1. Of all residues in segment 57-67, how many are in contact (Cβ under 8 Å) with a residue 12 or more places away in the chain and outside any helix (DSSP H, G or I)?
2. Any residue that is open to solvent by less than 30 Å² (accessible area, probe 1.4 Å) and farther than 27 Å from LYS151 by Cβ - is there at least one of those in segment 69-89?
3. If you go through segment 112-129 one residue at a time, do you hit one that is charged (D, E, K, R), at pLDDT 95 or above, outside any helix (DSSP H, G or I) and touching a Gly at 6+ places or on another chain (Cβ under 8 Å)?
4. Restricting to segment 17-56, what's the tally of residues that are open to solvent by less than 30 Å² (accessible area, probe 1.4 Å), part of a loop (DSSP other than H, G, I, E, B) and of a type outside the set (A, V, I, L, M)?
5. Could you tell me which of the residues THR8, THR50 is within 22 Å of SER130 (Cα to Cα) and either touching a residue at least 24 places away in the same chain (Cβ under 8 Å) or of a type in the set (Gly, Ala, Ser) (or both)?
6. Is there any pair linking a residue in segment 105-122 that is over 14 Å from LYS56 (Cβ atoms) to one that is assigned to a helix (DSSP H, G or I) and of a type in the set (S, T, N, Q), with Cβ under 9 Å and at least six apart or on different chains, and which?
7. Is it fair to say LEU153 is surrounded by fewer than 20 Cβ atoms within 10 Å (Cβ to Cβ), at pLDDT 95 or above and hydrophobic (A, V, I, L, M, F, W, C)?
8. Take the conditions of a type in the set (D, E, K, R), touching a residue at least 12 places away in the same chain (Cβ under 8 Å) and either within 21 Å of ILE39 (Cβ to Cβ) or crowded, with 20+ Cβ neighbours inside 10 Å (or both) and apply them to GLU93. Does it pass?
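The values are calculated or read from the model by the stated rules, or taken from the named source; none is laboratory data. None of these values were measured; they are calculated from a predicted model. Because the Cβ atoms are built from the backbone with ideal geometry, glycine has one as well, and the counts that use them run over all protein chains shown. We work out accessible area using only protein heavy atoms, side chains counted, and drop any ligands, DNA or RNA first. Shrake-Rupley method; radii C 1.70, N 1.55, O 1.52, S 1.80 Å.
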Amino acid sequence: MKKTISLTVNGEMWNTDVEPNEILLDVLRNKIGVKSPKIGCERGDCGACTIFLDGKSVRSCLILAIEADGCAVTTVEGLSKNGTTPLQQAFLERNSFQCGFCAPGVVLAATELLDGNPRPTEEEVKEAISGNLCRCTGYKPIIDAVLDASKDLEI
């Protein structure tokens with residue numbers, strides 16, 4: 001029994017029919033066409049499907065689409081509507097990602113950190129991105145980029 005839900009995704013309103021057991025990740029990727037949330041573990045462990053739901057980071061593989069009815073979703077595409085953010089630029093300058101699979105989730109986790117704590121310590125950065133699995137970098141260039149970006153933020 002399908003239900004129509006309404007979502008605002010990266011500032012654009014969407015209405016779509018969903019099954020009661022359909023997860024938000026699948027709706028975003030397959031019905032709305034937003035590809036940055038990745039299909040990873042599908043258990044909430046890897047962080048590849050991270051999005052902002054009403055401004056808070058969540059794992060979209062753990063949210064039923066029907067639960068997000070009326071909510072605002074922001075993905076990494078929504079962060080860079082006006083060009084790359086200073087954080088994204090720091091990631092580029094540091095060549096922080098190799099395969100890029102983890103990048104959207106890491107960018108959102110780091111964005112959330114810097115929004116609440118513009119001058120984090122290295123330990124706070126590690127904690128903030130700890131829910132995002134990266135198999136390529138060893139995390140050092142990611143952590144360094146977040147710390148670099150924090151130096152450029154206006155408080």
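1. So the count comes out to 4.
2. yes
3. no
4. Number satisfying all stated conditions: 6.
5. Result of the check over THR8, THR50: THR50.
6. These pairs meet every condition: VAL107/GLN88; LEU114/SER150; ASN117/SER150; PRO118/SER150; ARG119/SER150; PRO120/SER150.
7. no
8. no
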